[in-house]
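Novice: Sharing a structure with you now.
The values are calculated or read from the model by the stated rules, or taken from the named source; none is laboratory data. Since this is a predicted model, take the numbers as computed values, not measurements. Quick reminder, even Gly has a Cβ in these numbers, built from the backbone with ideal geometry, and neighbours come from all protein chains shown.
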Amino acid sequence: MGQNLRARLQRLRNAPLRDRGGPPSPGEKKLSLGPEWQEAGYQTLKRRDFLDLPFPLDFPLPRSLPILIPDLLRYSPQGALPGPGDMIFFDLETTGLSRGAGTVAFLAAFGRFVPSGPGPLRLRLDQYLLLDYPGEGDFLEALLQEFAPSPEPPLVITYNGKTFDSQILESRCIMKGIRPPVYYQGDLLHPARRLWKQTLASCSQGEIETAILGLDRTGDVSGALAPDIWFSFLKSADPRPLLEICGHNQRDILGLAGIFSALARIAEDPLAIRDKFRYDIEALALRWREFLVKIRDRDFGGTAADTGRKLLAAAAEDHPRAALVFAQELLRQGRAGEGRRRLLGIARGHYGGLFRAAAYRALAIDAEWRRKAPGEALALVEEALALADAGEGQRRDFLRRGERLRRQLDRKTRE
């Protein structure tokens, strides 16, 4: 690989210089990949296609969508959500997985929502293909036009783009002396991991598309082959494998839009759509609650808060962390009897020792401070100390709590 890279760099150094936008060198080979591909610059081609979305998407987007995709708050701190014309789905194919100076982007795709008459929105796909290294400057300039503000910088939706795609684009622009584009980014990788990492072996985009969304990628070439295919194309000028990578890139954009649509539908009504997308209800319920607590000074409406309560209650039926949080919420909301019953069910139930000990602790605090019943609190502490699988920190807390409660009871006895 090192020798191949040196050879390619040497060829780039030896390539004849030309003015940007000038004619090709005499005898330079021009390659056609089909009538749909048009010249977009030196050694740069472009094609446009229109695709049907895998799931319908309605605008305006659900008010609660930033709970699932917190990057949307950076797009608009005031809480305004993007419209269909404000968003771009973006994906690169590159010559490697490194973000170093030797990695070049040779294929880029941009997807935008467009109307299709009275029917649902469609996805307009624009792809740019770099045919050889000397055309990289024109290739990048063509990409920058897609990021142009109108009038504000766009919201660019990616999958792991913060770590990879945007880094590659920025580094290549800097290497060419071009100012990198300015845009807001919504990365779907972490929202997807939050919802599906407990149910999938991998949270790769392809795995989510096939296992969760039910999209068919049969016959799709692996994106891992993209570097070898492009390098082979430089040697052989055979466009057939390269066109397969272009098809893979197209499917990535369509799948990215599908994941975004699925997240929007989950945000709209998570309980109604739970069976369709098989997400981790405990992770979503806890995330929903955490989000609303942090932004309690911002109006997300009573609907989001009501949905959060229903999610937490549903998750509490089968998931220990949600059950514990829900029971403590009941105590804080004044539904003390139900909260104590639930906590006692956790403490004396089948959950692991860490959760049982946490429930005993909540019950002991409630008995000592809310109900002023130190004797009952001490009994709960002693039950907790009998747990064989409680955490060491929890045991130390119970020992200190027990000593303090005994002192309180001794003082009461002497009085």
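Novice: Could you say which residue among 331, 292, 324 is closer than 28 Å to residue 60 by Cα and part of a helix (DSSP H, G or I)?
Specialist: Answer to the selection: 292.
Novice: Another question, if that's okay. Given the options 323, 267, name the one that is at pLDDT 95 or above, buried (at least 21 other Cβ atoms within 10 Å of the Cβ) and touching a Pro at 6+ places or on another chain (Cβ under 8 Å).
Specialist: 267
Novice: Here's a follow-up. What single numbered condition from (1) hydroxyl-bearing (Ser, Thr, Tyr); (2) touching a residue at least 40 places away in the same chain (Cβ under 8 Å); (3) out of contact with any Pro (no Cβ under 8 Å at 6 or more places or on another chain) fails to hold for residue 183?
Specialist: The single condition residue 183 does not satisfy is (3).
Novice: Taking the criterion of being farther than 25 Å from residue 370 by Cβ, surrounded by 14 or more Cβ atoms within 10 Å (Cβ to Cβ) and in the same structural domain as residue 385 (by TED's automatic domain parsing), would at least one residue in the stretch 331-351 satisfy it?
Specialist: Among the residues of the stretch 331-351, not one is farther than 25 Å from residue 370 by Cβ, surrounded by 14 or more Cβ atoms within 10 Å (Cβ to Cβ) and in the same structural domain as residue 385 (by TED's automatic domain parsing), which makes the answer no.
Novice: Ok, one more. Quick one: which residue in 224, 267 is free of Cβ contacts under 8 Å to residues at least 12 places away in the same chain, hydrophobic (A, V, I, L, M, F, W, C) and assigned by TED's automatic domain parsing to the domain that holds residue 86?
Specialist: Matching residue, one of 224, 267: 224.
Novice: Considering only the stretch 87-145, how many residues are over 24 Å from residue 186 (Cβ atoms) and in a loop (DSSP other than H, G, I, E, B)?
Specialist: Here the count works out to 12.
Novice: Residues of the stretch 147-178 being touching a Phe, Trp or Tyr at 6+ places or on another chain (Cβ under 8 Å) and surrounded by 19 or more Cβ atoms within 10 Å (Cβ to Cβ), which ones?
Specialist: Result: 154, 155, 156, 157, 158, 161, 165.
Novice: Oh, and also: Does the stretch 71-91 contain any residue that is of a type in the set (S, T, N, Q), more than 23 Å from residue 138 (Cα to Cα) and surrounded by 13 or more Cβ atoms within 10 Å (Cβ to Cβ)? First the steps, then the outcome.
Specialist: Taking the stretch 71-91 first, the residues of a type in the set (S, T, N, Q) are 76, 78.
Still in the list and also more than 23 Å from residue 138 (Cα to Cα): 76, 78.
Those still in the list that are surrounded by 13 or more Cβ atoms within 10 Å (Cβ to Cβ) too: 76.
So far as the stretch 71-91 goes, yes, one or more of its residues are of a type in the set (S, T, N, Q), more than 23 Å from residue 138 (Cα to Cα) and surrounded by 13 or more Cβ atoms within 10 Å (Cβ to Cβ).
Novice: Looking for whichever is over 29 Å from residue 127 (Cβ atoms) and either acidic (Asp, Glu) or not in a helix (DSSP H, G or I) (or both) here; the options are 267, 272, 283. Which one fits?
Specialist: One residue alone meets the criteria, 272.
Novice: Here is a follow-up. If you take the residues in the stretch 58-80 that are in a loop (DSSP other than H, G, I, E, B) and modelled with pLDDT under 90, which one is nearest to residue 213 (Cα to Cα)? Working first, answer last.
Specialist: Of all residues in the stretch 58-80, those in a loop (DSSP other than H, G, I, E, B) come to 58-64, 69-70, 76-80.
Subset that is modelled with pLDDT under 90: 58, 76-80.
Numbers: 58: 18, 76: 28, 77: 30, 78: 31, 79: 28, 80: 27 Å.
Checking each candidate, the answer is 58.
Novice: Take residue 357 and tell me if it is without any contact (Cβ under 8 Å) to a residue 40 or more places away in the chain and either in a helix (DSSP H, G or I) or touching a helix residue (DSSP H, G or I) at 6+ places or on another chain (Cβ under 7 Å) (or both).
Specialist: no
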